Structures are given as C-alpha cells and as structure tokens.
Amino acid sequence: MAIGEAGPGSVRRGPQPKRLEETMRVRLGRECVYVPSCRFGLYVALRHWCPPGGRVLMSPVNDDVIFFVVLAAGLRPVQAPLNPLDASIDIEAVPEETWGSVSAVLTTNLYGNPDPAPRLRRKCDELGIPLFEDAAHAIGSRVGDRPVGAWGEASAFSLSKHVGAKAGGMLSLADPGLRDAVEKTCAGLLVPRRASSELAYAVRPFAEATVRGLRLRRAAWAAIRLLGLADREEIRMPLRPDELAQAERRAPGLEAHHPWVRVDMHDYRQESGLLRLRRIGRKLDRLDDVLDACRAGTELLLSTPWAKPRDPHGTQPLFRVPLFVADRDAAIAALARRGIVVGYLYDPPLDDYAGAEFTDPSPAPEAARWFARHALPVDPLRARTVVEVLERSGAQPVEAPGELSRSRPTPGGLG
C-alpha cells in the first residue's frame, strides 16, 4: 500500500466525510472512502494493487492527467484499441500477448458511456489481475446489472462534475476489509489545507456568477492567463519530455510528477476543510435531480442525426453526449458564439501525444484517432440550445469509416 509514502499521522475522520461516504455507499452498495479528488483516489488504488514496474491497460482517449497518475504510480501505460462510437475498450481487438503482459486494467467510462465492465471483470479474473474503474464521468451510469463503479477492485468518482461541487472525490472498494489501510495511506499522502485555498473555494461560485452575469468570460480568461494561473493553452498540457523522463526515474511517488498531476486542480491532494465538505454535501443531496435533468437532455441529443446508435441498456451517457460532426472546429465556433464552451476534448490520443518513450501504443489506433477528432461532447443540460445552434449552423453528421464501425458487442453486454 503505497510503500514508503504513508506517513505516521493519525487518520482523522469527522462526521462530514462519513456522511458523504454513507451517501455513496447506498448508491453503490460497497465501501466508500472520501478523497479530495478522483485522481488522488486512482493513485491510491494503483499503488495498493500494482507493484512498481507493472503495466496498465487503459484508453488512449482519456484525460492526460490520468496518464500521469499512472506514471506517478511507477507503472507503464498500455494503450488499448477502442470502439470508435463510445471510446470504450475493444476487448476482442486487444492482442493475447498484451493480455498476458498487463498487471491491471483501468476503464474510463468516457462521458458516462460505460466500458464493458462485466466482460472485463471476467477477463481480469481469468488473468488474476485487478480491474480499476475511473468513474469520474459516470455517476448515474449502469452497466450489466450494476452501477458503474461496482465492478472493479476499486473505483474512483469525481464530485466535481455531476455533483457540481468543483472539489472532492470518492474511492469505492470491493473489499470493505481494506478500508482502514486505504484511509491510512490517504492520510499519509494528503497535504494540509491552506487558508488561501479554502477562501478561494468559498468565493469561487460568487465570482463565476458575476462573470456570467456581466458576460466577462473572455476578460476573465485573459486575466487568468496573465496571472499565470492557466495550466494549458491547448487540449493537451505540454508533455515536457526531458523533465518527464527525469520524473520517471524517481517514480513511484507524487512529488516528482506533481507538475503534471496537479494540472487543472492544484488542490487535488489537499485536506478538505469544513466549508468545502458542507458544500459538497449539499450538492450531493441534489444529485438525483441533476441526473434526471441530464437524462432528459441525453434523450434529446440521442434523437439527433449527429448521435451514435442508442444504447439499449438505458439512457446514458449523462455527463457529456458525444455527437459526431464532420467539421468539429466549425461547430465549436458556432457554439462559442452562443456562449457555450466545449470542454472535455481528448485529442490527440495519448499514444500519439506521449509517444513510445512513455507508453505502449495501441495496436489498432485508428478508432481512437477518429473518435478524438470527431466527437463533440455536449452537456445534456444545454441540449436544446446546442441542437438549435447545430441545426442553424448546418453542421453535418459524420459516420465512422466502414472498417471502424463493424458490429461490436455493446459495452453493457454480458456475452
């Protein structure tokens, strides 16, 4: 369990984290431990189950932060072939020699579209390796007969996204007997909360409301960049390969990889203060209302000509719905003119971004490249406006090339 990283400090669990954990425990039917972020929870899970030097099968269409979390854990990312319509792992396209070499599988559940967890669970059991679920986008999504996050040895959730708290996460455990060990490791990896960070978190909603009300988005972003607070100018953060190679020699450990892992969330490993925990709790209490609204928006988006075929296992994804447009840049520009910012783009795929020095490339990369190039992730809560903009702009749908869109088992399938 993160050997050499867990400090001697005691584990302090106040009533507020326990309330959050109980709420998620009821949702998932398994043990939950509050963590300050999804990425922190994934790091703890990888360090517990995977000895340094292991290889982790993962999706190349994923946040680069998660890629760096895998590297920080002292592990080698191995990029999987994907289903081009939802970016889930294409189990049948993974070579047998790759299956024989990996020591774990990490799902992405991109935008809330579930990876084929039932079949991955069986494959991991056959190989005797752990399955981890990155469920940051997938609160409310289901696969097979369970919620996403209830299939792996461990799963990590973000409370920043659907919950809308812009902080917090949850690490779910299949084995409740590991709870004490996980809490101890988390305590050893956390850094003390800073008053300045807590104050910034307290005033952020009011500042954002002011920016929206005064239509100052461009000015606000310009100020953020001027102050050096913007971590990336492009979709992917700068790789800085020479520095990353030096950090690799110091893995496992968060310190060496901190400049990459912290991007977009500098307090990812900071203890949560009471105000932060209370706000997360209030937001979590309203999650079902948010998910209901997301389902209505997802239904609308899935009925459009830009959507992939409907998943027969239910209305999902609920975080973002990937629409497929021929000219994504033009669609993004049209939406920006209506004040809608398109985020959560993951282009290029991680193997093209990082190269063979830092990851094993996918043996069949074209599906990931096609998805990364064409998918337009749409917030279902803005569904009606987005559909109106795309219709008026004349956006044309694009279909996956024939060799990529061959019939595949659906992600939720049990076969």
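Being part of a helix (DSSP H, G or I), open to solvent by less than 10 Å² (accessible area, probe 1.4 Å) and not small (Gly, Ala, Ser) is the filter here, so list the residues in segment 371-386 that pass it.
Start the filter on segment 371-386 by keeping residues that are part of a helix (DSSP H, G or I), which leaves 371-374, 380-386.
Pick out the ones that are also open to solvent by less than 10 Å² (accessible area, probe 1.4 Å) and you get 371-372, 380, 383, 386.
Those that are part of a helix (DSSP H, G or I), open to solvent by less than 10 Å² (accessible area, probe 1.4 Å) and not small (Gly, Ala, Ser): PHE371, PRO380, VAL386.
Would you pick out the residues in segment 116-132 that are assigned to a loop (DSSP other than H, G, I, E, B) and open to solvent by less than 10 Å² (accessible area, probe 1.4 Å)?
First pass over segment 116-132, keeping only residues assigned to a loop (DSSP other than H, G, I, E, B): 116, 128-130.
Passing the criteria: only PRO116.
From the list ASN83, ASN113, ASN109, which one is open to solvent by 10 Å² or more (accessible area, probe 1.4 Å) and in contact with an Asp or Glu (Cβ under 9 Å, 6 or more places away or on another chain)? Please lay out each step first, then the result.
Details: ASN113 fails: open to solvent by 10 Å² or more (accessible area, probe 1.4 Å); ASN109 fails: open to solvent by 10 Å² or more (accessible area, probe 1.4 Å).
Answer to the check: ASN83.
Give the residues of segment 28-56 that are over 18 Å from ASP180 (Cα atoms), outside any loop (DSSP other than H, G, I, E, B) and in contact with a strand residue (DSSP E or B) (Cβ under 7 Å, 6 or more places away or on another chain), sorted by residue number.
Matches in segment 28-56: LEU28, CYS38, ARG55, VAL56.
Which residue out of GLU21, GLU5 is at pLDDT 95 or above and either more than 16 Å from ALA181 (Cα to Cα) or not basic (Lys, Arg) (or both)?
Details: GLU5 fails: at pLDDT 95 or above.
Step by step, each of GLU21, GLU5 is checked, and only GLU21 is at pLDDT 95 or above and either more than 16 Å from ALA181 (Cα to Cα) or not basic (Lys, Arg) (or both).
Name the residue that is farthest from GLU366 (Cα to Cα), counting only residues in segment 68-80 that are open to solvent by less than 10 Å² (accessible area, probe 1.4 Å) and not aliphatic (A, V, I, L, M).
PHE68
Would you pick out the residues in segment 41-53 that are open to solvent by less than 10 Å² (accessible area, probe 1.4 Å) and more than 12 Å from the chain's Cα centre (by Cα)?
Let us first name the residues in segment 41-53 that are open to solvent by less than 10 Å² (accessible area, probe 1.4 Å), namely 41-46, 50.
Within segment 41-53, TYR43, VAL44, ALA45, LEU46, CYS50 meet the criteria.
The values are calculated or read from the model by the stated rules, or taken from the named source; none is laboratory data. Everything numeric here is computed off the predicted structure, so don't read it as measured data. As a convention, Cβ positions derive from the backbone with ideal geometry for all residues, glycine included, and neighbour counts pool all protein chains shown. Note: areas computed on protein heavy atoms with side chains; ligands, DNA, RNA excluded. Shrake-Rupley method; radii C 1.70, N 1.55, O 1.52, S 1.80 Å.
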